[in-house]
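Below is one structure, written out as structure tokens; the observations come after it.
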Amino acid sequence: MNILYTIDDNYTHVLAVSLLSLFESNKENNLNVTILVKHLNENNEKKLLDIAKRYNMTLRIIKDDKLDDFFISHGIKKYHGSYSAYYRLFFDKYFEENENILYLDADTIIVDNIKPLNNINLGDNYIAAVKEPQGKYYKELIGLKEFDYYNSGVMILNTNKWKKDKCYDIIRNSIKNKIFYVYPDQDIINIMFKNKIMTLDPKFNYMPIHRICNEKCYDDVFGIDNYYSENIIGQAKQHPVIIHCYNFLGESPWMKNNSHPDKELFNQYFRKTLIDYSPQKPSFNILYFIEKKLIKILPKKMFFKIYKKISIKFLKKIINECKKKG
């Protein structure tokens, strides 16, 4: 089974957790893991290779120092200080046509066997992914009113169709034309391939939002259509396969003194990596501070109504800034 991660050098300690959890939960599977990165220092590279060696797994590290050239030449801004979020969109350069790829974000923790994902037939679809619970406002903003919106943190990628239909060129043209995106790689995938995405069970990308808000609550507040039923979300909660511990209310589970819902799980695997890392404090943000207080004391529905207003205000601010800058 072919697995792909894309990172920058500063994210090695997070990737190490995902990598170790992947190997730990899939000891009987034949895994071929590729890490795509612009630069990786020798010490970090050794740490990752040592983890793979410990589990007798195949690990290929591709260091391509030209990965950022396209974005720099077209004046594309970095996303969270790096271009690494875009790297996954150009994966087909590094794989053969007949190889389907399981892409994983570095902030995923694999807690069960992923073999079922290897047996999925993508048919005429470019991608298989888990729906993201984005509300109507955001979907309308990016032209997806009648379509589902998917999270790009866990994807099965149809390499054969991707190459055949020249998706590489479609994405390059989209980025080059600087079409407005809030979440660059994720928005590009959803907009460009909206008719060609297969829906995966949420157990393959179980998100923090699923832990704290049931389907009815989110639907009542955000007006989301055609999302997973409360029963399916409940089953995913009981038996997740891949847990996506992305930044939530300004915190990640590797930050100092964090209260992230996946903190204990992350630390459990991090200790096994044998990596020495000093957690950094999250930068203080008054908005996140208030949200973290409110979520503890307010009923979930009331909290998410406030959260919705804040989110829309934030999006409008980004749009206005983009319009001013052309």
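Selection within the stretch 55-80: residues that are part of a helix (DSSP H, G or I) and among the hydrophobic types (A, V, I, L, M, F, W, C). The member of this set that is surrounded by the most Cβ atoms within 10 Å (Cβ to Cβ) is PHE71. Residues in the stretch 247-260: is at least one within 16 Å of the chain's Cα centre (by Cα), surrounded by fewer than 17 Cβ atoms within 10 Å (Cβ to Cβ) and modelled with pLDDT of 85 or more? Within the stretch 247-260, one or more residues are within 16 Å of the chain's Cα centre (by Cα), surrounded by fewer than 17 Cβ atoms within 10 Å (Cβ to Cβ) and modelled with pLDDT of 85 or more.
Determine whether GLU42 is open to solvent by 40 Å² or more (accessible area, probe 1.4 Å), within 23 Å of the chain's Cα centre (by Cα) and acidic (Asp, Glu). So GLU42 does not fit the description; no.
Residues in the stretch 118-128 that are farther than 14 Å from ILE188 by Cα and open to solvent by less than 60 Å² (accessible area, probe 1.4 Å): 5 in all. It is to be established whether one or more residues within the stretch 272-287 are assigned to a helix (DSSP H, G or I) and at pLDDT below 75. Among the residues of the stretch 272-287, at least one is assigned to a helix (DSSP H, G or I) and at pLDDT below 75, which makes the answer yes. Going by what's in this entry, would ALA52 be described as surrounded by 16 or more Cβ atoms within 10 Å (Cβ to Cβ), under 21 Å from the mean Cα position of the chain (by Cα) and not β-branched (Val, Ile, Thr)? No.
Scanning the stretch 244-271 for residues that are of a type in the set (Ser, Thr, Tyr) and not in a loop (DSSP other than H, G, I, E, B) returns a single hit, TYR269. Criterion applied to TYR103, TYR181, TYR138, TYR149 was being open to solvent by less than 20 Å² (accessible area, probe 1.4 Å), without any contact (Cβ under 8 Å) to a residue 60 or more places away in the chain and hydroxyl-bearing (Ser, Thr, Tyr), and the one residue passing it is TYR149.
Please verify whether ASP124 is touching a residue at least 60 places away in the same chain (Cβ under 8 Å), closer than 22 Å to LEU22 by Cβ and not polar (S, T, N, Q), treating the condition exactly as stated.
Numbers: touching a residue at least 60 places away in the same chain (Cβ under 8 Å): yes; closer than 22 Å to LEU22 by Cβ: no; not polar (S, T, N, Q): yes.
Against the criterion (touching a residue at least 60 places away in the same chain (Cβ under 8 Å), closer than 22 Å to LEU22 by Cβ and not polar (S, T, N, Q)), ASP124 does not qualify.
Here LEU89 fulfils each of the conditions (1) open to solvent by 20 Å² or more (accessible area, probe 1.4 Å); (2) among the hydrophobic types (A, V, I, L, M, F, W, C); (3) in contact (Cβ under 8 Å) with a residue 24 or more places away in the chain; (4) touching a helix residue (DSSP H, G or I) at 6+ places or on another chain (Cβ under 8 Å) apart from (1). Residues in the stretch 152-178 that are under 13 Å from the mean Cα position of the chain (by Cα) and either open to solvent by 10 Å² or more (accessible area, probe 1.4 Å) or of a type outside the set (A, V, I, L, M) (or both): SER152, GLY153. Candidates LEU36, LEU15, LEU4, LEU20: the one that is open to solvent by less than 20 Å² (accessible area, probe 1.4 Å), touching a Ser or Thr at 6+ places or on another chain (Cβ under 8 Å), assigned to a helix (DSSP H, G or I) and modelled with pLDDT of 90 or more is LEU20.
Residues checked against (1) open to solvent by less than 100 Å² (accessible area, probe 1.4 Å); (2) of a type in the set (D, E, K, R):
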{"site": "GLU264", "(1), (2)": "no, yes"}
{"site": "ILE275", "(1), (2)": "yes, no"}
{"site": "PHE289", "(1), (2)": "yes, no"}
{"site": "LYS293", "(1), (2)": "no, yes"}
{"site": "LEU298", "(1), (2)": "yes, no"}
{"site": "LYS301", "(1), (2)": "yes, yes"}
{"site": "ILE310", "(1), (2)": "yes, no"}
{"site": "LYS316", "(1), (2)": "no, yes"}
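The values are calculated or read from the model by the stated rules, or taken from the named source; none is laboratory data. Note that this is a predicted model, so its numbers are computed, not measured. All Cβ positions, glycine included, derive from the backbone under ideal geometry; neighbour counts span all protein chains shown. Accessible surface is based on the protein model in full, side chains and every heavy atom, while ligands, DNA and RNA are left aside. Shrake-Rupley method; radii C 1.70, N 1.55, O 1.52, S 1.80 Å.
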